[in-house]
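**Student:** First, the structure itself, so that you have it in front of you.
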Amino acid sequence: MQSVIDKSEFKKLFNALRGHYSIVGPVARDGVIVLDRVDYDEIPSGFEDIQQPGHYRLSKEHDSFFSFRPGPDSLKKFLHPSLFIQHSFDRSKKTGFINAEHDRGKPYAFIGVRACDITALDRMNRVFEGCDGSECGYFGQREIFIAAIACSRPSGNCFCSSMNSGPDIKKGFDILLTELTNVFMVEIGSEKGKHVCTNLNARPATAQEAEEKKRRTEECSTFMKKTMDIDDMPHFLYRQFESSVWTEVAERCLACGNCTQVCPTCFCNTSFDLVTLSGMKKQNEFSGKRMKKWDSCFSRNFARVHGGNFRLSRRARYRHWFNHKFGYWLEQYGVSGCVGCGRCITWCPVGIDVTEEMERLRGRC
């Protein structure tokens with residue numbers, strides 16, 4: 001059943017979640033929408049963003065709460081931290097490796113999650129299936145609360161409709177909010193969501209409000225300018241392995257790794273030891289930590305192994321990243337590694353657009 005709440009009731013959602021959850025949501029900081037721990041008064045109401053290839057601008061022009069689209073942050077920032085302690089060790093105590101103790105604290109409640117990021121969470125859960133976070137550094141399968149927000153306008157770089165990851169949200173949420181003119185429509189997706197909604201003063205949605213919600217979702221797909229042709233994947237990409245397009249895009253690519261850092265499903269990582277010699281009394285007495293951090297397949301040293309580097313050129317690195325997103329994922333996990341959020345397009349400093357590169361591979365531009 002669809003219900004509605006006045007926008008003044010939105011604050012009660014925070015009150016209902018605060019006791020059990022650590023609330024994370026969008027905040028405006030340094031001219032960009034980021035995700036951080038947030039309270040009701042910090043939600044960036046009235047902001048709108050303009051996103052184009054290699055371009056992001058934020059302005060305050062609207063009265064609505066959620067007229068902005070996703071910024072560079074995704075749920076990955078909190079559920080798959082960029083720096084993580086895998087183990088600790090202490091040679092003076094001859095303990096060897098010890099699993100690090102991770103304080104679970106309060107579970108996260110995410111406010112304002114979009115369809116693309118809900119899909120990305122499902123994809124990451126496939127990758128890290130069976131991991132509780134203690135070794136792999138992924139916490140998406142622990143208890144979390146998702147308060148999703150339906151998109152009514154896409155950014156200039158969105159193509160989630162092509163990737164079957166939005167804009168309509170059918171599952172993966174505890175509650176789904178759709179911002180209408182004067183109210184929020186509320187849909188319940190779980191028992192947790194049902195329990196939280198008992199704290200809200202809701203009424204049944206009218207036929208007019210239900211129609212407005214449907215119209216806004218349909219318009220979001222209609223207004224989406226970018227599309228991605230994923231027909232005959234992954235086999236089409238494998239036939240393009242020696243295409244000259246890879247050489248051409250490599251001449252523009254800086255191999256900076258921005259696309260992999262903002263992508264909600266990229267999970268390349270590396271490990272290193274952080275060793276301290278303080279307090280050492282005897283030779284070979286030291287302690288330290290085995291750290292795991294985000295890396296990027298665009299990094300020059302990412303493919304370095306004993307005997308050489310098997311992916312030294314930017315051409316090879318870009319091709320590998322592109323093929324992994326749109327090809328290898330399908331064989332590994334049965335789904336694409338791209339959710340069409342458009343972050344890699346927005347935050348590429350030279351404006352490389354994956355939808356255009358796919359068109360070039362298909363000989364259409």
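The values are calculated or read from the model by the stated rules, or taken from the named source; none is laboratory data. Values in this document were obtained by computation on a predicted structure and should not be read as measured data. Don't worry about glycine lacking a Cβ; one is built from the backbone with ideal geometry, like all the others, and counts go over all protein chains shown.
**Student:** How many residues does the stretch 176-203 hold that are among the hydroxyl-bearing types (Ser, Thr, Tyr), surrounded by 15 or more Cβ atoms within 10 Å (Cβ to Cβ) and part of a loop (DSSP other than H, G, I, E, B)? Reasoning before the result, please.
**Tutor:** Kept after step one, since they are among the hydroxyl-bearing types (Ser, Thr, Tyr), are these residues of the stretch 176-203: 178, 181, 190, 198.
Okay, now just the ones that are also surrounded by 15 or more Cβ atoms within 10 Å (Cβ to Cβ), so 178, 190.
Adding the requirement that they be part of a loop (DSSP other than H, G, I, E, B) leaves 190.
Matching residues across the stretch 176-203 total 1.
**Student:** To continue, here is another question. When both residues are 6+ apart or on different chains and their Cβ atoms are under 6 Å apart, which pairs have a first residue that lies in the stretch 2-20 and is assigned by TED's automatic domain parsing to the domain that holds Ser64, and a second that is at pLDDT below 90 and outside any helix (DSSP H, G or I)?
**Tutor:** These pairs meet every condition: Lys12/Asn199; Ala16/Asn199.
**Student:** Could you tell me whether any residue of the stretch 144-161 is charged (D, E, K, R) and either out of contact with any Cys (no Cβ under 7 Å at 6 or more places or on another chain) or farther than 30 Å from Asp231 by Cβ (or both)? First the steps, then the outcome.
**Tutor:** Quick first cut of the stretch 144-161, residues charged (D, E, K, R) only: 153.
Restricting the remaining residues to those that are either out of contact with any Cys (no Cβ under 7 Å at 6 or more places or on another chain) or farther than 30 Å from Asp231 by Cβ (or both) gives none.
There is no residue in the stretch 144-161 that is charged (D, E, K, R) and either out of contact with any Cys (no Cβ under 7 Å at 6 or more places or on another chain) or farther than 30 Å from Asp231 by Cβ (or both).
**Student:** Can you name every one of the helices (runs of 4 or more DSSP H) wholly within the stretch 208-274 that holds 2 or more residues which are among the polar types (S, T, N, Q)? Can you show your working first?
**Tutor:** Details: elements: 235-239, 245-252, 258-262.
Of the helices (runs of 4 or more DSSP H) lying wholly inside the stretch 208-274, those with at least 2 residues that are among the polar types (S, T, N, Q) span 258-262.
**Student:** What is the one condition in (1) of a type in the set (Gly, Ala, Ser); (2) part of a loop (DSSP other than H, G, I, E, B); (3) in contact with a Lys or Arg (Cβ under 6 Å, 6 or more places away or on another chain) that Gly351 does not satisfy?
**Tutor:** Failing condition for Gly351: (3).
Rundown of residues vs (1) more than 18 Å from the chain's Cα centre (by Cα); (2) buried (at least 20 other Cβ atoms within 10 Å of the Cβ); (3) of a type in the set (A, V, I, L, M, F, W, C); (4) over 28 Å from Cys344 (Cβ atoms), yes/no style:
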position: Val24; (1), (2), (3), (4): no, yes, yes, no
position: Gly46; (1), (2), (3), (4): yes, no, no, no
position: Gln51; (1), (2), (3), (4): no, yes, no, no
position: Glu61; (1), (2), (3), (4): yes, no, no, no
position: Pro72; (1), (2), (3), (4): no, no, no, no
position: Leu79; (1), (2), (3), (4): no, yes, yes, no
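**Student:** For the stretch 357-364, indicate whether the set of residues that are touching a Ser or Thr at 6+ places or on another chain (Cβ under 7 Å) and part of a loop (DSSP other than H, G, I, E, B) is non-empty. I'd like the intermediate steps shown before the answer.
**Tutor:** Going residue by residue through the stretch 357-364, those that are touching a Ser or Thr at 6+ places or on another chain (Cβ under 7 Å) are 361.
Those still in the list that are part of a loop (DSSP other than H, G, I, E, B) too: none.
Within the stretch 357-364, not a single residue is touching a Ser or Thr at 6+ places or on another chain (Cβ under 7 Å) and part of a loop (DSSP other than H, G, I, E, B).
**Student:** Spot the failing condition for Lys213; the list is (1) in contact with a Leu (Cβ under 8 Å, 6 or more places away or on another chain); (2) of a type in the set (Lys, Arg); (3) modelled with pLDDT of 95 or more, and only one is missed.
**Tutor:** Against the list (1) in contact with a Leu (Cβ under 8 Å, 6 or more places away or on another chain); (2) of a type in the set (Lys, Arg); (3) modelled with pLDDT of 95 or more, Lys213 comes up short only on (3).
**Student:** So, in the stretch 207-232, exactly how many residues are in contact with a Lys or Arg (Cβ under 7 Å, 6 or more places away or on another chain) and over 30 Å from Cys365 (Cβ atoms)?
**Tutor:** If we filter the stretch 207-232 for residues that are in contact with a Lys or Arg (Cβ under 7 Å, 6 or more places away or on another chain), which is where we start, we get 220, 223, 229.
Checking which are over 30 Å from Cys365 (Cβ atoms) leaves us with none.
Number of matching residues: 0.
**Student:** Being within 18 Å of Phe14 (Cβ to Cβ) and in contact (Cβ under 8 Å) with a residue 24 or more places away in the chain narrows it down to one of Glu209, Glu187, Glu179, so name that one.
**Tutor:** Result of the check over Glu209, Glu187, Glu179: Glu179.
**Student:** Follow-up question, since we're still on this one. Return the residues of the stretch 114-140 that are outside any helix (DSSP H, G or I) and touching a Cys at 6+ places or on another chain (Cβ under 7 Å); say none if nothing qualifies. Step through it out loud before you land on a result.
**Tutor:** The first filter runs over the stretch 114-140 and keeps only residues outside any helix (DSSP H, G or I), leaving 114, 128-140.
Result: Arg114, Phe128, Tyr138.
**Student:** Moving to a separate point now. Given the criterion of a type outside the set (S, T, N, Q), at pLDDT 90 or above and crowded, with 20+ Cβ neighbours inside 10 Å, identify the matching residue among Phe173, Phe223. Before you say what the answer is, go through the steps one by one.
**Tutor:** Numbers: Phe223 fails: crowded, with 20+ Cβ neighbours inside 10 Å.
Of the residues listed, the single one that is of a type outside the set (S, T, N, Q), at pLDDT 90 or above and crowded, with 20+ Cβ neighbours inside 10 Å is Phe173.
**Student:** Looking at the stretch 297-326, which of the residues that are at pLDDT 95 or above and touching a Gly at 6+ places or on another chain (Cβ under 9 Å) is nearest to Pro234 (Cα to Cα)?
**Tutor:** This residue is Phe326.
**Student:** Another question, then. Does any residue of the stretch 4-27 turn out to be modelled with pLDDT under 95, under 26 Å from Lys225 (Cβ atoms) and outside any loop (DSSP other than H, G, I, E, B)?
**Tutor:** Looking for residues that are modelled with pLDDT under 95, under 26 Å from Lys225 (Cβ atoms) and outside any loop (DSSP other than H, G, I, E, B), one finds none in the stretch 4-27, hence no.
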